[in-house]
Amino acid sequence: MLDIKLIRENPEVVQENLKKRGNQFILDTLQGTIQHDKEWREIAEKLNNSRAERNKIAREVAELRKEGEDATELIDQTDKLSTKIQQLEDREKQLRNAIDNNMKLLPNLLHKDVPPGKDESENVEIKTVGEPREFDFPVKNHVEIIENLGLADFESSAKTSGSGFYILKGDLALLNQALIQFAIEHMRIKGYVYVEPPLLLYKDILTAALDMEGFQQSIYNVDQDDLCLIGTSEYSLLAMHTDEVIQESELPKKYFAYSMCFRKEIGSHGINERGLWRTHQFNKVEQFVFCMPEDSDKYYDEMMVNSEEIYKALELPYRIFESCAGDLAIWKARGSDIEVWRPTTQSYGELCSLSNCTDYQARNLGIRTIKNDGTRVTLHTLNNTVLATSRTMVAILENYQNADGTVSIPDALRKHMRGKEKLGQ
RNA sequence: GCCGAGGUAGCUAAGCCCGGUUUAAGGCGCCGGCCUUGAGAGCCGGUGGUGUUCGCACCGCGGGAGUUCGAAUCCCCCCCUCGGCGCCA
């Protein structure tokens, strides 16, 4: 959430920023918050004064008792005061809840470089890298290729778990592992710390990482309302330092994780189409940085480079799009996607999602830092996909397919495949 | 799952039995100052959150209810950690 002090002290600055998201509901929520906060401060002051009075009486009672004197007269005075305090406390709690609920709905402030725009259609292309290959035979989509080579089974998994799941077999399952190893090796060399995190997190933790809409549409809830399956290891990595105060000298903390990811994908287009592009369960290597506020722009660029190098090494044509104001999730100050070329759809599809969440997620989880001068600030968090294996496999299968139905394995992966050069041979 | 011990500030650790001189002690670390050529040592001050009329006030001892004039301390419910036993990949 945002810093309430910022709203209180610079309401017009916050309003101007939030206006760029192009959502009237957000602006209304902001106004409501400002009103509630004003009233809350008035009530809180009255409450504090009454409590001060009560504390004073308590001290006087203690004083009298100590000297062996009678305090019943004083104690009798507290009846009305107690009632008053109770009423003020009820009202204060009410207002605070209202403010808290509003704060959860208010999105992060946008980074100054975020392009304007109302939705996905106005995202801005940053660059395109690599040339789509020319095919001199009819291209097959990845599902056809897989089924022809017997490298996956979608029917069996549908029987056991429903659509959106899959069974990888043989060389494709091994390619999955090769991609994971490849991505881990890449990030390890960069000096990021490898983490294998829990795949289940408390609901409270998860709702601090994303909004209610995102939660309801994507998160599997198990064990009734307590634990949830992670949709991405971003959540686990973020949560690692919950309620911690980190010394400035320990920052930045750079991590990467491999995990399985689980998503309901309610209402998502494509979840019922067969294949590996959109699934309920997938493997992903994710990078994550905790840093000082003034450094988050720098790591934003660094994390994009880290991921780009993966697709350059795999020789897959890709482009980078910067998300416009209207297309950013509420916890993001800024975001960009890497999209890969698919010859079958003749379009680019999302592979990586880079976000600078500034202090928004960190504030939700109480992750702070003590600066070298002794003062405290909420730190910044950033995350980016390194490699999600299923989508990358789709890209490889479709871009590297051969006329004879086999699929060449990118050079960069062969050492992780015992030198194997082609799938289907 | 059962039994036991615990959860106090950045870390550590008293206070809890027996409610009120404790403003949540002391130590470590960190920040500032004095001193010093410099560093260290030593000494002094500061070091959770909120509000503020910048005087101060309130809140804060895992979370939530309760008793009381007054709760870190007493009662109840819940969560978590550690150890032992049990079960198990």
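What follows is calculated from the coordinates using simple rules that are stated; it is not laboratory data. Nothing here was measured: the structure is a model prediction, and the numbers come from that model. Methodologically, a virtual Cβ is constructed for each residue, glycine included, from the backbone with ideal geometry; neighbour enumeration extends over all protein chains shown.
Quick notes on this structure:
- Span from the the stretch A:1-75 Cα centroid across to the the stretch A:136-167 one, whole angstrom: 59 Å
- Protection proxy ranking for A:74-86, A:94-106, A:243-255, using the average of other Cβ atoms within 10 Å per residue and placing the highest first: A:94-106, A:243-255, A:74-86.
- Shape category assigned to the stretch A:136-265 from the gyration tensor of Cα positions, a/c cut at 1.5: oblate
- Point-to-point label distance, A:Val124-A:Lys38, nm (Cα→Cβ direction, 7 Å offset): 3.6 nm
- Note on A:Asp3 and A:Glu185: the model spin-label points, each 7 Å out from Cα along the C-beta direction, lie 4.4 nm apart.
- Theoretical ellipticity at 222 nm over chain A - DSSP helices of four or more residues, -39500 (n - 2.57) apiece, nearest 500: -13500 deg cm²/dmol
- Applying D = kT/(6 pi eta Rh) to chain A, where Rh is the Kirkwood radius over alpha-carbon pairs, T corresponds to 20 °C and eta to 1.002 mPa s, the Stokes-Einstein value obtained is 87 µm²/s.
- Each Lys or Arg adds one and each Asp or Glu takes one away; over the other residues whose Cβ falls under 13 Å from the Cβ of A:Val13, this sums to +1.
- Simple Cβ-charge dipole of the stretch A:4-105, Lys/Arg +1 and Asp/Glu -1, about Cα centre, in debye nearest 20: 680 debye
- Chain lengthening between A:Thr345 and A:Val245 when straightened (0.36 nm per residue, less Cα-Cα): 31.2 nm
- Cβ-defined net charge surrounding A:Val139, 10 Å radius [Lys, Arg +1; Asp, Glu -1]: +1
- Extension gain (nm, one decimal) between A:Arg319 and A:Asn55, 0.36 nm per residue minus Cα-Cα: 88.6 nm
- DSSP-defined antiparallel bridges as percent of all bridges, chain A, nearest 5: 90 percent
- Counting only Cβ charges, +1 for Lys and Arg and -1 for Asp and Glu, the dipole size of chain A around its Cα centre is about 480 debye.
- Inter-site label distance for A:Asp28 and A:Ser408 at 7 Å from Cα along Cβ, in nm: 5.7 nm
- Potential extension, A:Gln281-A:Thr78 segment - 0.36 nm per residue separation minus Cα distance: 67.0 nm
- Under 5 Å from the amide H of A:His280 lie the amide H atoms of A:Phe165, each residue being 5 or more positions distant or on a separate chain, with H modelled from the backbone and absent for Pro and chain starts.
- Degrees, to the nearest 10: A:24-66 long Cα axis against longest axis of chain A: 40 degrees
- Net charge over other residues, Cβ less than 12 angstrom from the Cβ of A:Lys415 (K, R count +1; D, E count -1): 0
- Charge dipole of the stretch A:172-277 (Cα centre as origin; +1 on each Lys and Arg Cβ, -1 on each Asp and Glu Cβ, all else neutral): 540 debye, rounded to the nearest 20.
- When each of the peptides A:177-187, A:357-367 is scored by how many other beta carbons lie within 10 Å of its residues on average, the order from highest to lowest is A:357-367, A:177-187.
- Reachable lysines from A:Lys169, criterion Cα separation under 21 angstrom, eight or more residues apart if same chain: A:Lys140, A:Lys159, A:Lys284, A:Lys415, A:Lys420, A:Lys422
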